[in-house]
Amino acid sequence: MIIFKVIGFAIISVALIIILKNEKPEIALICVLSSSIILLAFIFDEFKEVIALLNGLIENSSINKEFLKIILKIVGISYIVEFGKNICIDAGENSIASKIEIAGKVIVISLSIPIIASLAEIVATII
């Protein structure tokens with residue numbers, strides 16, 4: 001199972017990073033970034049399968065396909081923002097982490113405008 005590889009690699013990475021933080025903090029940060037990218041690579045194939053499954057569901061459903069695509073984009077952006085924010089926090093850059101979070105929120109809101117407009121039209125027709 002992939003989860004054992006992910007957890008095993010993460011534990012080894014954390015141990016190495018803890019050791020390096022005291023000796024060479026700049027190298028520890030590079031290890032954090034490298035470990036994070038490698039961990040994402042481990043789960044990339046799993047993520048591709050989920051996307052393929054969701055695309056199949058989108059094609060077979062009667063729901064507006066554009067809305068589902070927007071929702072998938074929002075979920076993806078949320079994960080990417082969380083990843084970037086956590087990297088910045090690990091590096092001690094809380095200020096940059098908060099800016100990443102704000103940028104993610106703005107992007108999510110801008111992507112969701114078509115859905116909000118559609119909901120407003122539905123409410124207007126009901127009233």
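Go through region 28-67 and count every residue that is modelled with pLDDT of 85 or more and either among the small types (Gly, Ala, Ser) or touching a Pro at 6+ places or on another chain (Cβ under 6 Å) (or both).
Adding up the residues that qualify gives 5.
Return the residues of region 93-103 that are among the acidic types (Asp, Glu) and part of a helix (DSSP H, G or I); say none if nothing qualifies.
Answer for region 93-103, where residues must be among the acidic types (Asp, Glu) and part of a helix (DSSP H, G or I): just Glu101.
Residues Ile122, Ile70, Ile74: which one is touching a Leu at 6+ places or on another chain (Cβ under 7 Å), farther than 30 Å from Val32 by Cα, among the aliphatic types (A, V, I, L, M) and not assigned by TED's automatic domain parsing to the domain that holds Leu40?
Exactly one residue qualifies, and that residue is Ile70.
Do we have any residue at all in region 81-92 that's assigned to a helix (DSSP H, G or I) and loosely packed, with under 12 Cβ neighbours inside 10 Å?
No, the conditions are met nowhere in region 81-92.
Which of the residues belonging to region 28-43 are among the hydroxyl-bearing types (Ser, Thr, Tyr) and either outside any helix (DSSP H, G or I) or touching a helix residue (DSSP H, G or I) at 6+ places or on another chain (Cβ under 8 Å) (or both)?
Ser35, Ser36, listed by residue number.
Could you please find all residues in region 14-27 being closer than 15 Å to Ala91 by Cα and part of a helix (DSSP H, G or I)?
The answer is Val14, Ile17, Ile18, Leu20, Lys21, Asn22, Pro25, Glu26, Ile27.
Looking at region 60-70, is at least one residue surrounded by 13 or more Cβ atoms within 10 Å (Cβ to Cβ) and within 16 Å of the chain's Cα centre (by Cα)?
Checked against the condition, which is being surrounded by 13 or more Cβ atoms within 10 Å (Cβ to Cβ) and within 16 Å of the chain's Cα centre (by Cα), region 60-70 yields at least one hit.
Ala10 - would you say it is surrounded by 12 or more Cβ atoms within 10 Å (Cβ to Cβ) and assigned to a helix (DSSP H, G or I)?
yes
Identify all residues within region 13-36 that are loosely packed, with under 12 Cβ neighbours inside 10 Å and either aliphatic (A, V, I, L, M) or assigned by TED's automatic domain parsing to the domain that holds Gly92 (or both); write none if there are none.
Ala15, Ile18
Just for region 96-127: of the residues that are among the polar types (S, T, N, Q) and touching a residue at least 40 places away in the same chain (Cβ under 8 Å), which one is nearest to Gly84 (Cα to Cα)?
Ranking the candidates gives Ser112 first.
The values are calculated or read from the model by the stated rules, or taken from the named source; none is laboratory data. All figures in this text were calculated on a predicted structure; none of them were measured in a lab. Heads up, the Cβs are rebuilt from the backbone with ideal geometry, glycines too, and the neighbour counts pull from every protein chain shown.
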